[in-house]
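The values are calculated or read from the model by the stated rules, or taken from the named source; none is laboratory data. The model shown is predicted, which means the values in this text are computed figures rather than measured ones. Every residue, glycine among them, receives a Cβ derived from its backbone with ideal geometry; neighbour counts consider all protein chains shown. These area figures cover heavy atoms from the full protein model, side chains too; ligands, DNA and RNA do not enter into them. Shrake-Rupley method; radii C 1.70, N 1.55, O 1.52, S 1.80 Å.
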2 protein chains.
Amino acid sequence: MADGDTDARVTIRTVAADAGVSVAAVSKVMRNAYGVSDALRLKVEASIERLGYRPSVAARGMRGRTFTLGVLLVGIDNPFLPGIYQGIESVTESAGYKIMVGVGAARARTEVSLIEQMIDNRMDGLILVASQISGETMEHYARQIPIVVVGHHEPAAQGYDTINNDDQMGARLAVQAFVDRGHTDIAFVTQPEQDGDLADVAPQREIGYRAAMAAAGLTTRVLSLPSHGTPRDAQIHQILTAPDRPRAIFCWSDLDAVPLLSTAYRLGIRVPQDLALIGYDNSPVAGLSMVDLTSIDQDGPRLGKLGAEALFTRMNGRSSPEHILIEPKLIPRGSI
Amino acid sequence: MADGDTDARVTIRTVAADAGVSVAAVSKVMRNAYGVSDALRLKVEASIERLGYRPSVAARGMRGRTFTLGVLLVGIDNPFLPGIYQGIESVTESAGYKIMVGVGAARARTEVSLIEQMIDNRMDGLILVASQISGETMEHYARQIPIVVVGHHEPAAQGYDTINNDDQMGARLAVQAFVDRGHTDIAFVTQPEQDGDLADVAPQREIGYRAAMAAAGLTTRVLSLPSHGTPRDAQIHQILTAPDRPRAIFCWSDLDAVPLLSTAYRLGIRVPQDLALIGYDNSPVAGLSMVDLTSIDQDGPRLGKLGAEALFTRMNGRSSPEHILIEPKLIPRGSI
DNA sequence: TGATTTACGTAGAACGGTGCACGAAACGGG
DNA sequence: CCCGTTTCGTGCACCGTTCTACGTAAATCA
């Protein structure tokens, strides 16, 4: 805590005057640049300490780096974000970088505006988590600032990197788990793709589901939960009360799998006897004993860590794209 | 989307040159300041549109306002934050302000550093949600930037505003609900206060609990979940397997009430027959049919909305502090 | 019609930093 | 002892805005 109660901002000039050196000298000490003697450094550091000086990120950003990274999250209530964030933070903290978060609310408009906001704040790099933005738009911004995308597939992207779990494999793991338990009537519940965008995780999981079902010689059945129109709860209710309700459901995300389970419970549908269920993301709720939902874990902390590391190498000049895929894992619980 | 593929940044000078006017004129148009003819405005706006110009927040911050607010959140996995955030956003969005979020990880050190980061980024105001920072430190920063605190009691604060639900009343509602159902053995489960700080919500709820118990002529019993040492799960396990396990528990937050319920379920303790439970925050999980946890709702969206509104009036010059308390509500469910 | 106001547009100095180019010592080799 | 290198520290031109002060032309008033 600064002991002074001075309201006037301490600037680099204040420090320079206090230490009896030039402004440039203080700047050099701050950036520990070349050409500073120990004597000078000590003097300046003493003044900085005494005055409680902090450089203005805004001013600094106009020429050099800000040592701030932007992280864009789809929302704030998505249970798989905390793990990723923590993974990112573990890397950036030790590197002395600060993080500012933008909350996208899953609307492309908002996300674009937040990306621009981050660029305008002169951040040094961006990590976009589960972004809804099109590959083309992304390339556009990637020319202005180093970008890494986590949780969105775009394997052909040139200007930025992508870090993902292998969603197709995750889907195969789920189908396989059902098949192993003798199921044949396995449906896939998903949210509809945004304007035909196969890059999102849900379509990827659907591809994996279809492939696995075909390999097992089973017929596919895809149920969609449109984001507009009837409320999500009603849609889920409809799926569960339909006369041809599937015996097993692989749900694209715990985000919908948990409400699905909750509704089943309310309807008196026994799980797993009447309905077997597998979700995706292995959210904390899935692990509660009264929920006990089998789910595919994609190791969020690892994704975040890899994302941050990729961003750093890119910020340090790498220009060839990097597209990493890690292996998901099935966490078996009582719902199958 | 800008159609050009120019990597060079479009600055105010580019626009000025393109429109054939001075830099100051463009600035005036941007801020719709006084002394701009329609002809000039049109010319400039056309250029802005054509070039896809966006002012640099960083540069702008060096003299005027940035139209950016900082929101500091305790964590990212806390279920009562989304509501508050949404409430804040509903106000700021229509006012044309952008939001940048800082994630504090419930560590005072990190929070302070994020506040400084936000000041250094020249944000126009700050909303701190459930911050752990001491009142004294807060006053210090409040002299540098308008601050509103949500979810932390400091009714005597001079330099900043606080917005809260009435945590003492919330606790009374919980105790009353138990008493109405004939309970007498009612314990309060809480996390220990950080360095004797009574300003936090948990101690406030404890005060309310003690008062309500005294009013009902019952003896209090407070069980603490220390954040260090044994893991949270083990502590909960211990409380539930103790020979003198309470018949009813009022838990300071759903954050702990849900795991409590989960462990009870695993141990075969029947709820509410063997154990009645009330949480706080009415998190989405509490409403799931297999959880069905009674909880105190504090109307997060309203807290957020009031917080943002208070911040705006403060940014517009109000200097007298404002301390708002709203009424919480009990949401009865199957756990009592 | 001349004086005064009003409206518009422009220079140019901030703002708080960075980083290049340069000069002055100090150093060291021949 | 002279001259080329280093090593330090400084002056100054940026970065992209805002905003005050000012000049000029048009409009209003007497």
Query raised in the report: So what is the relative contact order for the stretch B:167-297, in percent, with contacts set as C-alpha pairs under 8 Å and at least six apart?
Result: 25
Report summary line: Burial-style ranking of B:126-135, A:45-54, B:181-190, average other-beta-carbon count within 10 Å with highest first, yields B:126-135, B:181-190, A:45-54
**Report entry** Area of B:GLU206 that stays accessible when all protein chains are in place (1.4 Å probe, Å², to 10)
**Finding:** 40
Requested in this report: Give the accessible area for A:HIS237 in Å² (nearest 10); use a 1.4 Å probe, count only protein heavy atoms, and leave out ligands, DNA and RNA.
Outcome: 90
Query raised in the report: Accessible area per residue of chain B at 1.4 Å probe, in Å²?
Result: 43
Report task. Output, in nm with one decimal and in ascending order, the distances from the A:GLN238 label point to the matching label points of the other copies (7 Å from Cα along Cα-to-Cβ). Result -> 5.2
Report summary line: On the accessible surface of the protein assembly as shown, probed at 1.4 Å with all protein chains in place, carbon and sulfur together account for a percent value of 52
Report summary line: For B:ARG143, the accessible surface traced by a 1.4 Å probe with all protein chains present amounts, in square angstrom to the nearest 10, to 110
Report summary line: Per the rule of 0.36 nm per residue minus the C-alpha distance, extending A:THR137 to A:ALA156 adds in nm 5.4 nm
Report summary line: Order by accessible surface, 1.4 Å probe, largest leading, for residues B:HIS153, A:HIS323 comes to A:HIS323, B:HIS153
Requested in this report: Report the equivalent ellipsoid semi-axes for the stretch B:12-55 in whole Å, largest first, defined as the square roots of five times the eigenvalues of the gyration tensor built from alpha carbon atoms.
Outcome: 14, 10, 9
Query raised in the report: Using a label point 7 angstrom from Cα along Cα-to-C-beta, what distances in nm, from shortest up, separate A:ARG107 from the other copies?
Result: 3.5
Requested in this report: Run the numbers on chain A and let me know its relative contact order in percent, using alpha-carbon pairs under 8 Å that are six or more apart.
Outcome: 18
**Report entry** Pseudo-label separations to other copies for A:ASN32 - Cα-to-Cβ vector, 7 Å, nm
**Finding:** 5.0
Report summary line: Inter-chain shielding metric for A:59-66, i.e. average beta-carbon neighbours from other chains within 10 angstrom, reads 3
Query - the protein assembly as shown: antiparallel DSSP beta bridges as a percent of all, rounded to 5 - result: 10
Query raised in the report: Under the definition of partner shielding as Cβ atoms of other protein chains within 10 Å of a residue Cβ, what is the mean value for peptide A:83-91?
Result: 2
Query raised in the report: With a ≥ b ≥ c the root eigenvalues of the C-alpha gyration tensor of the stretch B:167-297, is it rounded (a/c under 1.5), prolate (a/b larger than b/c) or oblate?
Result: rounded
Report task. Could you list the residues of the stretch A:245-265 with an amide nitrogen less than 19 Å from a label point located 7 Å from the Cα of A:THR184 in the Cα-to-C-beta direction? Result -> A:245-250
Report task. Output the antiparallel fraction of DSSP beta bridges having both residues in chain B, as a percent to the nearest 5. Result -> 10
Requested in this report: Mind ranking B:GLU136, A:GLU111 by accessible surface for me, highest first, 1.4 Å probe?
Outcome: B:GLU136, A:GLU111
Query raised in the report: Protein chains only, probe 1.4 Å: how do B:TYR34, B:TYR265, A:TYR160 rank by accessible area, largest first?
Result: B:TYR34, B:TYR265, A:TYR160
**Report entry** Exercise: per-residue mean of other protein chain Cβ atoms within 10 Å, A:275-287
**Finding:** 1
Report summary line: Honestly the protein assembly as shown on the Cα gyration tensor test (a ≥ b ≥ c root eigenvalues; a/c under 1.5 rounded, otherwise a/b vs b/c for prolate or oblate) is just oblate
